[in-house]
Every structure is written in structure tokens, then in C-alpha cells.
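Reading through the C-alpha cells given below for one structure.
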Amino acid sequence: MAHPTRRRRLLGLGVTALATGTVLAATALPAAHAEVTATAAVTVRPDPSYQQEKFEGWGTSLVWFANATGDYPPAVREKLAKLLFGDDGLALNIARYNIGGGNAPDVKDYLRPGGAVEGWWKAPAGTTREDVDWWDADDPKDWNNKADKTQRWWVDRIKKDITHWEAFSNSPPWFMTESGYVSGNFDAGKDQLKTESVDDFAKYLVGATERLEKAHHIKVDTLDPFNEPNTNYWGTTLGADGQPVGGRQEGAHIGPELQQKVIRALAPTLAKSRTDAEISAMDETNPGTFATNWNSYPQDVRDLVGQMNVHTYGTSQRTTVRDLAKAADKPLWMSEVEGDWGDGQSFTDMRPGLGLAQRMVDDLRELEPRAWVFWQPVEDYDNMKPGGESAKGGNWGEIQLSFGCTAKDTLKSCPIYTNTKFDTARNFTHYIKPGDRLIRTNDTSSTAAIAKKGDAATVVHVNSTTEARDVTIDLSKFGRVSAKATVTPVVTSADGKLVKRKPVRVSGKQATIAVPAQSVTSFLVKGVSGVAKDAAELRKGHTYELTGVQSGKDLTIAANGTGLVIRNADSADRSGRQWQVKQITGSDNRKRYVLTEATAGKRLAVRAGALVAEPDEGRRDSAAQWIMSTTGDGTWTLVNAATGQLADVGGQSTSDGAAVGLWTPNSGTNQRWKVTEVKPAATRTE
């Protein structure tokens, strides 16, 4: 969610800050006025040999926009619903319901429009902010079953469209907080949830979830008790009169140690409840902070988490979280992001649409999430217009309308606007469907997926340059390419939205199509299926050298016969560094391999906490199994299936003979290995 306290810093970088979702890290935002230089023609090679798990779909949090618009006139609500969930709109199928915390009855409303989501508690008459000991989760009189009418209107309206419901919390109710306000502690870096309220907080979240399910006849699949908890974004400021003046949204700092206590309290409370929801965690603001939190959790806490949720407001260490999720064997969601990518409110400028599209491509390629979720596709037009939160206005949200409309308004007096982000997002959401499988591509501006039935594919390509370019779709990695195969481009640019062009016949397993400058194109491929025999980079019985990306040296068995080191890649002696790969389980991006050095007959394993080469004999337990991940650039990480640690060059050394050991994932180049096939070794089998 938005961090208004960070706004001035962002404006200093020439970026329009927002009023909603989380503010992007400065390093993650494109320069507002930069023109991307045209590049040569591009060949995109979708590769079904590396498939992600079945994609769950596209989603949104409800929260502020739903709270603001749930009592709008029917015509306005219905148009908005169709833009979000209709087949011609964003076609979203995942929704995240916000369990509001709620300030005390005697606290004036100082939160942003839509931000004051009503809590599920019912305070006795005369309750003030100082009264914090009255609530009892087991007393029905302390619950307001009719709470949150406006957000819950949306639950009823869209429930036929939703295949996965998630509930989440931005803040505990005021009476469980240190400051007594839902906007955060007075010191934004200190924990806001009172330790003595941890059990009550768990009961509150579960009780609200049970009531939501019962009232609306829905099933909540996951429950996340946190939102960007290990940050200093959430702070309450009092004015001269002692009344709160900020922040303007619900939020609570909850550090890793306190997160663990919440998860430990939430798990048994869920187990005894009427809901089947699993715990998801921890909706951290960026992958790096997520990894910090997750790595602090002991194994028993990790075991209680059913789904891992991360935001991508910062973009470094996506592959860290990818590998952590694979090591934990848990589904991973990109559960929230939004952004501006422009330099002032505009509904025609292509740059915001291109920025969003590239963010989606990067997330899908590097993070490999099971779902991709908008913070809020709907933003407050009044806050985004020039003179709102900034002089130029902003482009947060794919859809904008005033959060100040009334029951007497019409679509004419309360108009709804869409920007280019709405259009480019549909290039993804219309053509990559739940049940499809995202696959590897060789191009960092493209993502691809194979259809649920396996008989078609989609490639989405972002051309952010100021010139048109030829894009060649190379289908040679598919096992079957029909003589009648076609590629149909669907183009979004300044000249049109989702313009479907004539199909192009595939010739020689390729089709070349010109795409406009500053465009996003969905290439709909018909007549392909299967995987080519030679498509995979890692093939049974083939022999490879693994060269460290940072060091340029090969993974080699040490002179002692058990340790692992790096050796000069140009060395004449190739013994001890020629690895054969055998897949033993799985069929997707979490498949497991055994790596055996061909000349020594020793496999890579973890024993007694160390990386070793051991005789390839006996049972191949999980300590001798490796999950290999790639972004499609020819480099891989090696995740040990037993420990979740990666093969890692110690101290980021580049010295010949430097030791290779184990470390937690961190996206370092000393944890990535280039895979190069070599001539068959004497022991190689076909």
C-alpha cells in the first residue's frame, strides 16, 4: 500500500508518487522522461521444456476502492465491476478481502478516502480510545456481523468470478495496538501489535474470516495477517491539538520475531475454526525484505505457512524468493504491486502502460509466481488529478474515478477513466489464463505460456522503444509444429487497444511480425504442442560444465576427492568438472535432479552441513537432489532439496581453487552457474 511518508523523497527523483498501493523503490522506477533507444529485430524463443506450475490467475485487493464505491449508484458500480472482472475488462479471478482494524469510536476520521475500512468489532456505548480491555472474541455481543457493508457489496457482486479468495490485514484494531491508532506506532520502526494481544489478534482475524464465509457463502483459501510488516512506513502523527493527522492509512510494523508469534498463534486458532483457510505470509514490500523475514523463521514456523506472498515494489532478489519457495515447496504469489511510470496524470501516454507491462514480464520471469495480483486497479481520480497528491497528478491504478461520488451521481457526473495500463494489462490477463503454464523465453521483454490443454501458446512482448521492430517467434522448442500453425498478433499501442490483426502462417517453425513503437503485443500461437527432443538445456545422460557467473571458473571436485572448488575454465585437465544430469522427480520448474561427475562417478550432495562429492551409489535422498532454476539466460541456480541452500562460491571469490559451499539464496552471481554441454565423456549414455 502507499507510503505517503516517502512521497517527498520520490518526487525529488522526478517520479509522481501516489495515493494508494506501495510506493516503488526509487531504483525500480523508470526515468519519467527517458526515451528508450530503438533496438534491432528481436527473436523470441518460447521454451516449453522449462514450465512453471499451473498459473492460478490475476487478482486484486478490494479494500479502499471497494470501501469507497460499494454504495455507489448501480450503473457506476456495474460498469466498474465489468471493467475489473468482466471478460472484456481485466478479467480478474482472484480477490483479496481486507479485514479492517478500525479506530476507536471517538477518533475523528483522518484516513484517506476509502482507507477507513470498518472493523468487525462492536464497542459498547461510550467506548473511547483509552478503553482497550473490553473485547472478548468469545462474546457474540463484541462482534459486528454487519460491518464493512461497502467492501462486502463487492464480495457478493463478484463471487461468481472468483476462484481464490484471500483475506488480509493491514492493522489490528486500535485496542490491540501500542499507539491506540490503526495508522501505526508513533515510532514507525517499532512494533505496533501489543505482545499481550497476539492471541486476540489471531482470534479476530479468524472470527472475521468465519463470519465473512458464512454471510456470503464463499470459501477463503488463504489468510495473511500482515502487510509489509518489517518496514518503517506505518506511523501515526498527532497535531498540536493531540488529534491524529497522519498517516492516512492502516498499517502496522510487526518485526520478524513478532511475526513468528502471530503465526504460531494463528495456526491453532485456524485449526479449531470453521474455516479451512491456510496461513499465507508475509506480504512484504520487496523480495529482499521478505527473505530477511523468512530466513529468520525457524522451521516450525515455516511449516505453518501454506503460501508465500511477496510484493515487488522493490525488484532486486526476485530469484532469491523464487528459490526460497522452491526449497520450501510452497506456492508463491506476487500478491501486490502498483506504480505510476509516468510524469503526470494521463490516459493516453503509453509510458505508464509500458512500465506496468515490463514489470509484469519481469515478475513472471524472475519470481515465477503462481498468481500476480494488483494492489488496486481502481484509484481515486481526485487524488490522482493535477493538484491532488502532486502538482502533475499521477497514474496509479488502471482505472480512475472519484472516491467522492454520492448515491445521486450518474456515470456522467461520476465518470470512469481508463489509462494505458488498463490496456496493456489486458494483453496479459486476456491471453494467459488460469490453468496455463508460464514457460521460459530467451528475451527479457517477453513472457510466454502454454495453454491449459497444451495445444496452443501465447507470447506477450513489450516494445518500449521509440521505433517499430520485427519480432520473430521461433517455435523450434515445441515438439510438434503443425503445417497449418499460425501466429495472430493482438496489439496495444497509441493507435489502438487490443487490435487483433490477421494471422501469420508459420514457416520453418518461425513467424516474423512487425510491431509498433511503444507497444505491447500478444502473439496467439495455434498449432503447437509438446516439447522438442533437444529443447531442454539439461538432458538425461548429457555431460555439462558448470561455470560460475561471477568467477568464470568451473565447478570441480577438489584434490581431496570430496570437496568442491572452482577451477580455471581454460585448464587443459577437464577431469572432475564434467557433470551428468539425471531428472528423478517432477515435470515442472520444481523438478529434481541428481548431478554426477562423469569421470569420478561422484554425485553432488549435502552431508553434515557441507557441500560434498560422494560416490553415486545407494539411495538418492533429498540431500543428493537439486532443484535447478533459470530465468532463460543460460544460467542456473542449484537449490538443495533437503536444506534449501544453494551451491555458492565462498566469499564471492574468483581465485582458482576457491571453495564452493552452501548459502541461503541471495541472487548473487556467485550462486549462478552457466551450463555448457561438452563432448561426451567415456561414461556417457544416451
| field | C-alpha long axis of helix 287-296 to longest principal axis of the chain, angle in ° | value | 90
| field | Proximal lysine pairs, region 473-576, alpha carbons under 20 Å, eight or more residues apart or interchain | value | 12
| remark: Between the modelled labels at GLN652 and ALA40 (7 Å from Cα along Cα→Cβ) the distance in nm is 3.2
| query | Which whole-number value in Å² is the accessible area per residue of region 552-686, probe 1.4 Å? | reply | 42
| request: Obtain the nm distance between the two label points defined at ALA572 and THR676 by a simple spin-label model: each point lies 7 Å from its Cα along the Cα-to-C-beta direction. | output: 1.8
| task | As a check on your grasp of the helix formula, calculate [θ] at 222 nm for the chain: sum -39500 (n - 2.57) over DSSP H runs of n ≥ 4, divide by the residue count, round to the nearest 500. | result | -5000 deg cm²/dmol
| request: May I ask you to order 506-519, 423-436 by the average number of other C-beta atoms within 10 Å around their residues, highest value first? | output: 423-436, 506-519
| request: Could you point to the residue in ILE584, LEU611, LEU595 farthest towards the positive end of region 542-612's charge dipole, with +1 and -1 charges on the Cβ of Lys/Arg and Asp/Glu respectively? | output: ILE584
| said: Just to confirm my numbers, what's the Cα centroid distance between region 530-567 and region 359-421 in Å? | reply: 47
| field | Rg over Rh, two decimals, region 460-546 (C-alpha only, Kirkwood Rh) | value | 1.09
| field | Directionally averaged shadow of region 522-623, computed from the convex hull of its alpha-carbon atoms, nm² | value | 9.5
| said: What are the ³J(HN,Hα) couplings of region 620-632, residue after residue, when phi is run through the Karplus curve with 6.51, -1.76, 1.60 and θ = phi - 60°? Round to Hz, x for glycine and proline. | reply: 8, 6, 5, 5, 9, 10, 10, 9, 10, 10, 8, 9, x
| query | Which lysines have a Cα lying under 22 Å from the Cα of LYS146, excluding residues fewer than 8 positions away in the same chain? | reply | LYS108, LYS122, LYS159, LYS160, LYS203, LYS214, LYS219
| request: Please give the per residue volume of the convex hull enclosing the alpha carbon atoms of region 426-479, rounded to a whole number of Å³. | output: 90
| Helix 318-328 sits at what angle to the longest principal axis of the chain, using alpha carbons and giving 0 to 90 degrees rounded to 10? | 80
| Cβ charges +1 (Lys, Arg) and -1 (Asp, Glu), total dipole of the chain, debye | 2500
| remark: Residues of region 479-509 with backbone N under 19 Å of the label point set 7 Å from the Cα of THR466 along Cα→Cβ are 493-495
| Sorted peptide list for 113-122, 449-458, 565-574, criterion being average Cβ within 10 angstrom, highest first | 113-122, 449-458, 565-574
| Classify region 160-203: rounded, prolate or oblate, from the alpha-carbon gyration tensor (a ≥ b ≥ c, eigenvalue square roots; a/c under 1.5 rounded; otherwise prolate if a/b is larger than b/c)? | prolate
| remark: Restricting to Cα pairs under 8 Å and 6 or more apart, the percent relative contact order of the chain works out to 14
| said: Could you tell me the center-to-center distance, by alpha carbons, between region 276-336 and region 39-70 in angstrom? | reply: 18
| task | Keeping the other protein chains in place, figure out the carbon and sulfur percent of the accessible area of the chain, with a 1.4 Å probe. | result | 48
| note | Between the Cα axis of helix 350-362 and the main Cα principal axis of the chain, the angle (0 to 90°, nearest 10) is 60
| query | Between THR512 and GLU210, what length in nm is gained on full extension when 0.36 nm per residue of separation is reduced by their alpha carbon distance? | reply | 103.4 nm
| region 142-299 shape via C-alpha gyration tensor axes, a/c threshold 1.5 | oblate
| said: Could you derive backbone 3J(HN,Hα) for region 79-88 from the dihedral phi with the Karplus parameters 6.51, -1.76 and 1.60 (θ = phi - 60°), listing whole Hz in sequence and x where the residue is Gly or Pro? | reply: 5, 4, 4, 5, 5, 8, 10, x, 4, 8
| query | Rule-of-thumb check for region 205-266: C-alpha Rg over 2.2 N^0.38 Å? | reply | 1.49
| note | In vacuo Debye sum over C-alpha of the chain, base-10 log of normalised intensity I(q)/I(0) at q = 0.05, 0.07, 0.12 Å⁻¹, listed in q order, is -0.25, -0.49, -1.31
| message | Can you tell me the length gained on complete extension of the stretch THR599 to THR128, counting 0.36 nm per residue apart and subtracting the Cα distance? | response | 161.9 nm
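The values are calculated or read from the model by the stated rules, or taken from the named source; none is laboratory data. Keep in mind the model is a prediction, meaning the values are calculated, not measured. Note: ideal-geometry Cβ built from the backbone for every residue, glycine included; neighbour counts use all protein chains shown. Protein only, heavy atoms only, side chains kept; ligands, DNA and RNA dropped before computing areas. Shrake-Rupley method; radii C 1.70, N 1.55, O 1.52, S 1.80 Å.
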